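One structure is given here, and the rest of the page talks about it.
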Amino acid sequence: MVVEMNLAEINETFPLIFQIFFFCFGACVGSFLNVCIFRIPAGKSIVSPPSHCACGKPIAWYDNIPILAWFLLRGRARCCGSKISFRYPLVEALTAFVFWGMWCLLPIVPALVGMFFASLMVFCAFVDIDTMTLPDFATVGGTVLGFLISILLPGLHGIDVGGAPYFVSMVASAVSSAVGIAVGSGIVYWIRLLGECVFGREAMGEGDVILAGCIGAFCGWQGAVFSIFGGSVIGAVLLLPVLAIAKVFGPKKTGKKRKGVDAENEGDSMVIPFGPWLALGAVLYYVFLSDFIDAYFSNFSLAIF
């Protein structure tokens, strides 16, 4: 608590210093996440070898500065001229802005916890985009860590029990986290079962079920519900124009079976992962919408009971 008070006092005196620090820190974390997103699903070490170009040559430190390096190099490797994906500065900038926003908008402890949570969401989102899978160590491990952090930091779930002992707050926060895990994973699990019954095939993976539980561990059941349904709405709004354009201007069917695509799924080859939209909904809830969503569900509960 003393450390939190000191940080708050320093932040009030020199707010710009902390904002610049956490923006730069977020960019560096984003650079590390790029390494994890690429190497971990491929079974490679995230430590060795150091950052290197596709041609095998090591990348100099001045060509590895988060965000800036891509623009200074104009998206091309200095050593061989090969193209560098825009994904790298995108992940770095996204993480930087999320860290900066959390520091500016949230109390210190929720902001610091949120930075870890957001990093986990960014990792899961981009791995799901690339591989259509969600690593268990991230989803299951994140769920366990979210539950433990909720016990140690009851304020994460907005627990206020007045003058009751701290132990009571810890128990209340643990219950809130556990309910969030159960509700988040439970809803997605039932959606998955219904999808299989309606469409005759797997609509969501087990990783989505666990990821929703992980979100509930950090955000409570309200955040889990919003990430599921709010994320779905956001995903639909953003993707419908893209799908429509692809349908109109995409390649025409030739009647030939493409390599690696089953005949029965030939006309339905675009598979959209749900993990990124869960992650986006979770971060939006955590940073911007928690008060509004919690108040809405509170009024909804009062109207029912």
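Going by the structure shown, is TRP100 open to solvent by 70 Å² or more (accessible area, probe 1.4 Å), over 25 Å from GLY141 (Cβ atoms) and not hydroxyl-bearing (Ser, Thr, Tyr)? Yes; evaluated as a whole, the condition is true for this residue.
Scanning segment 40-61 for residues that are over 25 Å from GLN19 (Cβ atoms) and either in contact (Cβ under 8 Å) with a residue 40 or more places away in the chain or in a helix (DSSP H, G or I) (or both) yields ILE40, PRO41. Taken over segment 9-36, the criterion of being among the β-branched types (Val, Ile, Thr) and either on the phi > 0 side of the Ramachandran plot or under 15 Å from the mean Cα position of the chain (by Cα) (or both) is satisfied by VAL29 alone. Could you tell me whether any residue of segment 190-205 is open to solvent by 30 Å² or more (accessible area, probe 1.4 Å), more than 30 Å from GLN19 (Cα to Cα), assigned to a loop (DSSP other than H, G, I, E, B) and in contact with a Lys or Arg (Cβ under 9 Å, 6 or more places away or on another chain)? Checked segment 190-205: at least one residue is open to solvent by 30 Å² or more (accessible area, probe 1.4 Å), more than 30 Å from GLN19 (Cα to Cα), assigned to a loop (DSSP other than H, G, I, E, B) and in contact with a Lys or Arg (Cβ under 9 Å, 6 or more places away or on another chain). Residues in segment 57-75 that are under 22 Å from ASP130 (Cβ atoms) and either in contact with a Gly (Cβ under 7 Å, 6 or more places away or on another chain) or open to solvent by 30 Å² or more (accessible area, probe 1.4 Å) (or both): ILE59, ASN64, PRO66, ILE67, TRP70. Would you check if there is a residue in segment 152-163 being under 22 Å from VAL225 (Cβ atoms), within 16 Å of the chain's Cα centre (by Cα) and of a type in the set (Asp, Glu)? No, segment 152-163 contains no residue that is under 22 Å from VAL225 (Cβ atoms), within 16 Å of the chain's Cα centre (by Cα) and of a type in the set (Asp, Glu). It is to be established whether one or more residues within segment 65-78 are part of a loop (DSSP other than H, G, I, E, B) and in contact with a His (Cβ under 8 Å, 6 or more places away or on another chain). No, because not a single residue in segment 65-78 is part of a loop (DSSP other than H, G, I, E, B) and in contact with a His (Cβ under 8 Å, 6 or more places away or on another chain). The number of residues in segment 169-182 that are over 20 Å from VAL225 (Cα atoms) and either open to solvent by less than 60 Å² (accessible area, probe 1.4 Å) or modelled with pLDDT of 95 or more (or both) comes to 2. From the list ILE37, ILE46, the lone residue that is of a type in the set (A, V, I, L, M, F, W, C) and open to solvent by less than 30 Å² (accessible area, probe 1.4 Å) is ILE37.
The values are calculated or read from the model by the stated rules, or taken from the named source; none is laboratory data. This is a predicted model, so every value here is computed, not measured. Positions of Cβ are backbone-derived with ideal geometry, glycine not excepted, and every protein chain shown enters the neighbour counts. Remember, those area values only see protein heavy atoms, side chains included, never the ligands or the DNA or RNA. Shrake-Rupley method; radii C 1.70, N 1.55, O 1.52, S 1.80 Å.
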